């Protein structure tokens, strides 16, 4: 333990103290009063409890673990919520950091190294290392605070990538692993569940998770449809590939998956005016409003004194394939956040929404659940991950999936 702590201290000494300060709270833009929504559930598939990633950039892991927990419920046919799985996010996060460090050094530092990643990273970790239950590796913090971890690990790999000894030693990787383990916990090699001993790999197999059975779907025009490509975002540091389909088929895949009882891991852009803190996301038009006339300014058009203002549901942009591509090319649509889509609902106007489990704790009006309109999902999705059996025969044929 003392040796490991010394490693952390030495790594921290490589960077200015200002860089390892506690992370700042998430910035929130002031928002106008929100309309009152009344949602009616159309289809809702089982999910586990809402978690809180807190001060860590690990939404990619929390959302995909949630997705896989729902997959286990589906595969195993679990009916009793008390028997729902609870998998360790920090096991996956730790293994991801270690793999990323090795690739960063192999590429002489020419790779993004940060807290962010994407859903396929979780599947890669589980395929290569397995998975453990939360109780076997709960992490060292009740709520993650990863400012120091991110600063120290980045400084460490940047120093190693410069090869201060001119050649790489055999020690740098074990030293890095010790840093990660000191912050997140040592991954167990064996553990017990219900009196039976497992390894991470045997537990993965017991749960029925086959990572290669999952496919990533996207929709952009800068690559041919019905081919695979690595989405060009810095968080895709493993260069995992996604199947590219037209937008109408992208939305068809998602809707049919939910209707069939599947759920989806969702990568999206949430730095949008229409993604509210209350728990509703709509693809609103942010074009500046026409200035009021002098008559409107003087006479007013608000509610009478003492009367609560009526806020109308904002109109939405109806995104096209070209609109989506323009957002990606201009980088106004980015891979901000990973979430878990598990159902569908309609508001009082009949608009379709996807029910989304977030990882910011029980925040908003719906205790951690968001309602993202169909237009928002169509316009601001980076990708989705679904089980291949959720795809129709026609889509599988087009993509060459068996």
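Only the coordinates and a few stated rules stand behind these numbers; no lab work does. In this text, all values refer to a predicted model and were calculated from it rather than measured experimentally. Here the Cβ positions follow ideal geometry from the backbone for every residue, glycine too, while neighbour counts run over all protein chains shown.
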Just 154, 162, 103 to compare: in a GNM of the chain, with alpha carbon springs under 10 Å, which one fluctuates most?
162
Could you work out how far helix 119-129 tilts from the main Cα principal axis of the chain, as a 0 to 90 degree angle to the nearest 10?
30
Max mean-square fluctuation residue, GNM over the chain, Cα-Cα springs under 10 Å, options 234, 359, 268:
234
Students often check this: by mean Cβ neighbours within 10 Å, which of 241-253, 75-87, 372-384 ranks highest, and how do the rest follow?
372-384, 241-253, 75-87
Would region 39-151 count as rounded, prolate or oblate if I go by the C-alpha gyration tensor, calling it rounded below 1.5 in a/c and otherwise prolate when a/b exceeds b/c, oblate otherwise?
prolate
For region 318-348 and region 226-254, compute the distance between their C-alpha centroids and round to whole Å.
13
Calculate the length of the line joining the C-alpha centroid of region 45-110 to that of region 122-150, in whole Å.
7
For 64, 333, 40, 351, ascending order of other Cβ atoms within 10 Å (fewest first) is 40, 351, 333, 64
Taking the Kirkwood radius as the inverse of the mean 1/r across Cα pairs, report the Rg/Rh of the chain.
1.00
Given axes a ≥ b ≥ c from the Cα gyration tensor, I'd like to know whether region 29-94 is rounded (a/c under 1.5), prolate (a/b larger than b/c) or oblate.
oblate
Name the residue, out of 166, 282, 324, whose mean-square fluctuation peaks in a Gaussian network model built on the chain with Cα pairs under 10 Å.
166
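Cut-off is 10 Å between beta-carbons; in what order do 71, 232 appear when sorted fewest neighbours first?
The fewest-first ordering by Cβ neighbours comes to 232, 71.
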